[in-house]
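Below is one structure, written out as structure tokens, with a few remarks after it.
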Amino acid sequence: MRNLLRFIIQHHFLILFLIIESFSLFLLFNANPYHRVRFYSSSHKVSGRISNKMENIKDYFSLYNENQKLSEENARLYNRLKSSYRLVAADTIFEGDSLSQRKFMYLTARVINNTVNKQYNYITLDRGSAGGIEPEMAVISSDGIVGIVKTVTPNYAAVLSLLNRDFIISAKIKKNGYFGPLSWNGNSTEYATLVDIPHHVQVNEGDTIVTSGFGGVFPEGFMIGTIDHFRLKGGNYYEITVNLSSDFRKLSYVQVIRNYARQEIDSIEYSVNQ
């Protein structure tokens, strides 16, 4: 005990400096989204290699090969779905000479770092631009949606987790098609909040919530969760608590979705808004 007190007394200026510096950085990143994203982009590149080594050891004890095979098989099945293609008119000529063009491509990636106990959580994947990953690509698991790719390096990608206060997605009630923005309120890893559903819409506990397909990131119909409970807010709209289908505490392998129509959608929407 005496040695500890002596150490604190001898280095109290350094200890005080580190405490103040840490608190200042916390305030900076918490109040400025730009600085927070830049920090994560830089730190993920450094921590990616360390996390990758640690995850290799973990995977050895969690059936790495089997999980990888299952994930790759899921990607192959997704890529064969009709929803991954779009029908082209018979009088249209394009490379490939077929009546269908690929709309979505599913790529397998492994989670090597994942936070769930912060207000702004991120996930690191072991696949980057060299593996076909780009910013603004959707990320899903076998259970439901996971997040959106924000930054990439040649070998790694940083994903904005659904468990992030900055995450917003268009979601809909599967049975009737009514949609609204869904976001995470920062309280529980199991729940998110769906709003702007009109009060006249029939809503029941247990109803399935899926992606609406709006925004050009997530394809339509991917599982998000089920309605846990709801209440009227302001008298005209429901505030719906959604029990998320993905368990973010045990993510291992994910699918990253490339939308080949995204650039065209962004281009035409940009021209309308000018």
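The values are calculated or read from the model by the stated rules, or taken from the named source; none is laboratory data. No experiment lies behind these values; they were computed from the predicted model shown. Cβ atoms come from the backbone with ideal geometry, glycine included; neighbour counts cover every protein chain shown.
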| What do you reckon, is ILE20 on the phi < 0 side of the Ramachandran plot, modelled with pLDDT of 70 or more and β-branched (Val, Ile, Thr)? | yes
Practice task
Please indicate, with yes or no, whether at least one residue in region 184-202 is polar (S, T, N, Q), in contact with a strand residue (DSSP E or B) (Cβ under 6 Å, 6 or more places away or on another chain), surrounded by fewer than 21 Cβ atoms within 10 Å (Cβ to Cβ) and closer than 24 Å to ASP266 by Cα.
Solution key: no
Can we say ASN243 is in contact (Cβ under 8 Å) with a residue 24 or more places away in the chain and either of a type outside the set (Asp, Glu) or in a loop (DSSP other than H, G, I, E, B) (or both)? yes
Within region 134-143, the count of residues that are part of a loop (DSSP other than H, G, I, E, B) and either among the aliphatic types (A, V, I, L, M) or at positive phi (or both) comes to 2
Residues in region 151-178 that are assigned to a strand (DSSP E or B) and in contact with an Asp or Glu (Cβ under 8 Å, 6 or more places away or on another chain) total 3
